[in-house]
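What follows is one structure encoded as structure tokens, with my remarks underneath.
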Amino acid sequence: MIKALFSAGDHVWPEYAQALPDAFHAKGLTIDLSRAHAPDTVDYIIAAPNGPVKDFSPYTSCKAVLNLWAGVEDIVSNETLTQPLARMVDPGLTDGMVEWVVGHALRHHLGMDAHILGQDGVWRTDFPPLAQERPVTILGLGALGAACAQMLATLGFPVTGWSRSQKTIQGVACLSGDAGLIDALSGAEIVVLLLPLTDATTNILNTKTLSLLANGAFIINPGRGPLIDDTALIAALEANIAHATLDVFRTEPLPQNHPFWKHPQVTVTPHIASTTRARTAAMCIAENIRRGEAGEPFLHLVDRAQGY
Ligand code: NAP
């Protein structure tokens, strides 16, 4: 029988202990799922980067490590992990991210804070512009960025997206490469970061690139904290950046004394933009195991050289 080892935090085990067998059954797979198989008997490891397995070398029969998270920066450089590594592309995770990004984009676009936080007796009659007058740029057009770009475009925003390889997405102006980044950021009024954290993307928003954004621009970062140079951002909040909504940070939880907590132009959310949903994620894992057993290529394999 196929043996799958579950290596993730205790708190997520109950929901996966229910969802994974259901998904295996739906795919016609008979799998012995456990948190404690003998390493040399394991066929697949279902892993979160913060799970108990740190040394993958004893798992000599393991055909693939199936990551429970979309982000792989904490696992991709593990030198003991020589098996194929697949990242999580989960429709539930994507839906959650689209909702969070659209919600925060609309908050800024509509100027909701003036009315929600104001409540000061001032009758403010300024009308916000229409979405079609508010250029939005999404850095990263993968599973999450592309879905957010499409939803924002559906709402009428002129959306520009930027990725490493050139993409074609209906209703989205797709750019790539170094010159594409300059064009994507120049004059953008809302910028959403949905890039993975790699050497190439660290500090991609820095003094120079932040200065390209429109006056009064909003930044929304559900990607990873080090995508933004924090010091440059704090300086830019006194120049052209009106507000930054940050879900991810260099150190998490964000330390109590970090200036972001009290900064009036920063909104801190505690890495809750979206999460892997057990029911839909279990189907993705089951599909990859089905593929492995059928000799078909795994979905969503991580490119170790690129780091994502
Ligand atoms: P993905 O499918 O791997 O997409 C990544 C995108 O970034 C791709 O379009 C890729 O370009 C682009 N990219 C990577 N390196 C680049 C570079 N050097 N220059 C330009 N573009 C580059 O990843 P995803 O599933 O959309 O997830 C994105 C990130 O979201 C994750 O890595 C994770 O950090 C973050 N995340 C956060 C939360 C949260 O709750 N805050 C939840 C889930 C995920 P190509 O298309 O050309 O490869």
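The values are calculated or read from the model by the stated rules, or taken from the named source; none is laboratory data. In this text, all values refer to a predicted model and were calculated from it rather than measured experimentally. Here Cβ is always computed from backbone atoms with ideal geometry, including for glycine, and neighbour counts include all displayed protein chains.
Name the residue, out of Pro226, Pro255, Pro264, that is outside any helix (DSSP H, G or I) and either in contact with a helix residue (DSSP H, G or I) (Cβ under 9 Å, 6 or more places away or on another chain) or more than 27 Å from Leu110 (Cβ to Cβ) (or both).
Numbers: Pro226 fails: outside any helix (DSSP H, G or I); Pro264 fails: either in contact with a helix residue (DSSP H, G or I) (Cβ under 9 Å, 6 or more places away or on another chain) or more than 27 Å from Leu110 (Cβ to Cβ) (or both).
Selected residue: Pro255, the only one of Pro226, Pro255, Pro264 that is outside any helix (DSSP H, G or I) and either in contact with a helix residue (DSSP H, G or I) (Cβ under 9 Å, 6 or more places away or on another chain) or more than 27 Å from Leu110 (Cβ to Cβ) (or both).
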Residue within the range 168-191 that is within 12 Å of the ligand (Cβ to nearest atom), surrounded by fewer than 16 Cβ atoms within 10 Å (Cβ to Cβ), without any contact (Cβ under 8 Å) to a residue 24 or more places away in the chain and polar (S, T, N, Q) present: yes
Single unsatisfied condition, Met283 versus (1) of a type outside the set (Gly, Ala, Ser); (2) more than 16 Å from the ligand (Cβ to nearest atom); (3) over 21 Å from Gly9 (Cβ atoms): (3)
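Quick one: which strands (runs of 3 or more DSSP E) sit completely within the range 25-78 and have at least 2 residues that are of a type in the set (S, T, N, Q) and touching a strand residue (DSSP E or B) at 6+ places or on another chain (Cβ under 9 Å)? Outline the logic, then answer.
Working: elements: 31-34, 44-47, 64-67.
Here the list is empty.
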Residue within the range 23-36 that is crowded, with 17+ Cβ neighbours inside 10 Å, within 16 Å of Gly292 (Cα to Cα) and within 25 Å of the chain's Cα centre (by Cα) present: yes
Qualifying residue in the range 140-156 (condition: closer than 29 Å to Leu93 by Cβ, loosely packed, with under 12 Cβ neighbours inside 10 Å and among the β-branched types (Val, Ile, Thr)): no
Single match in Leu106, Leu152, Leu144 (criterion: in the same structural domain as Asp183 (by TED's automatic domain parsing), in a helix (DSSP H, G or I), within 12 Å of the ligand (Cβ to nearest atom) and aliphatic (A, V, I, L, M)): Leu144
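Among the residues of the range 79-98, count how many are part of a loop (DSSP other than H, G, I, E, B) and over 12 Å from the mean Cα position of the chain (by Cα).
Taking the range 79-98 as the starting set, the residues that turn out to be part of a loop (DSSP other than H, G, I, E, B) are 79-84, 87-90.
Going one step further and asking which of them are over 12 Å from the mean Cα position of the chain (by Cα), we end up with 79-84.
Selection size over the range 79-98: 6.
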Single residue of Thr201, Thr231, Thr209 found to be crowded, with 16+ Cβ neighbours inside 10 Å, at pLDDT 95 or above, more than 8 Å from the ligand (Cβ to nearest atom) and of a type in the set (Ser, Thr, Tyr): Thr209
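Quick check on my filter: what residues within the range 155-167 are of a type in the set (Phe, Trp, Tyr) and more than 13 Å from the ligand (Cβ to nearest atom)?
Residues of the range 155-167 that are of a type in the set (Phe, Trp, Tyr), as a first pass: 157, 162.
Within the range 155-167, Phe157 is the sole residue that qualifies.
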